[in-house]
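Just so it is clear, none of the values below were taken in a lab; they were calculated from the coordinates. Keep in mind that what you see is a predicted model, and the values were worked out from it rather than measured. When we count neighbours, we look across all protein chains shown, and the Cβ atoms used for this are built from the backbone with ideal geometry, even at glycine.
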Amino acid sequence: MEAIADVTLWQALAVALFAGFAGIDLFNVLTHIHRPIITGPIVGFILGNPEAGLVAGATFELMWMGLVPLAGAQPPNVVLGGIIGTAFAIITGQTAEQAILVAVPFAIFVQVCITFLFTAFSPLMSVADGYAEKLNFRGLANLNYIGMSILFLFYFVIAFSVIYFGADAARTLVDLIPKWITDGLQVAGGLMPAIGFGILLNIMLQRQYIAYYMLGFLLAAYFEQPLLAIALVGTVFALIEYFLRDSIPEKGAVASGAEEEEGI
């Protein structure tokens with residue numbers, strides 16, 4: 001991976017603007033442009049190296065694919081963790097695995113800041129309740145716009161400050177890190193996708209899906225099929241589940257229908 005010369009003001013502003021919109025998307029829109037697999041190539045395109053951005057984004061996505069904010073639970077922030085980690089990898093010429101050194105601390109730091117923001121603005125919930133009782137829809141909309149504006153500014157300021165003012169510091173930091181630490185990070189980075197999958201399976205794995213999991217493992221480990229082929233096989237089974245399972249009547253429904261028929 002080759003390092004670019006410098007980050008220009010316009011590049012930093014463009015990345016910060018995108019970070020702002022991605023930050024809103026995480027909580028309010030959910031088009032999933034905030035996921036590292038999307039933010040990585042976009043940040044790479046802005047910084048002049050979309051290929052490196054795609055590699056970094058895919059690496060972070062594997063690591064964080066099981067991290068989704070649900071209700072009050074706030075996992076490490078994948079938005080700024082992915083964007084800043086990708087920018088760090090491109091600016092310094094490091095691998096995505098080594099960029100974890102920067103991505104993970106920033107993801108945790110932003111998680112703490114977001115929790116503080118949500119706590120600080122929690123009194124606005126009573127204001128929203130008051131608007132709802134009075135059917136003040138404009139007031140409710142304005143509260144949501146205020147919240148999204150604050151989120152946008154938060155993500156914009158952090159992304160711009162780190163990428164524009166921290167580029168030189170990042171290079172200096174990389175030069176100071178001993179080689180044995182960067183080699184260790186390389187190994188740890190290779191393990192992180194397995195941890196990401198473990199977190200995802202802990203949430204999603206159910207008894208009826210174990211056969212699909214074993215099939216994917218067999219295709220990869222014993223038949224040495226590429227990921228694209230395994231993904232297509234998974235798509236076939238997903239389509240079968242989606243279109244055919246709903247057409248099969250439930251046992252309870254069948255029994256109920258039989259009783260009605262007997263009754264008629």
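Applying 1/(1 + (r/R0)^6) with r as the Cβ-Cβ distance of Glu224 and Phe116 and R0 = 41 angstrom yields a FRET efficiency of 0.30. Convex hull of alpha carbon positions in the range 79-175: directionally averaged projected area 6.9 nm².
Treating each Cα of the range 101-156 as an identical point scatterer and summing with the Debye formula, the log10 of I(q)/I(0) at q = 0.17 Å⁻¹ comes to -0.64. Note on the range 1-54: the C-alpha convex hull projects to 3.6 nm² when averaged across all orientations.
Give me the tail of P(r) for the range 1-153 as a percent: Cα-Cα pairs with distance above 19 Å.
Distances greater than 19 Å cover 55 percent of the Cα pairs.
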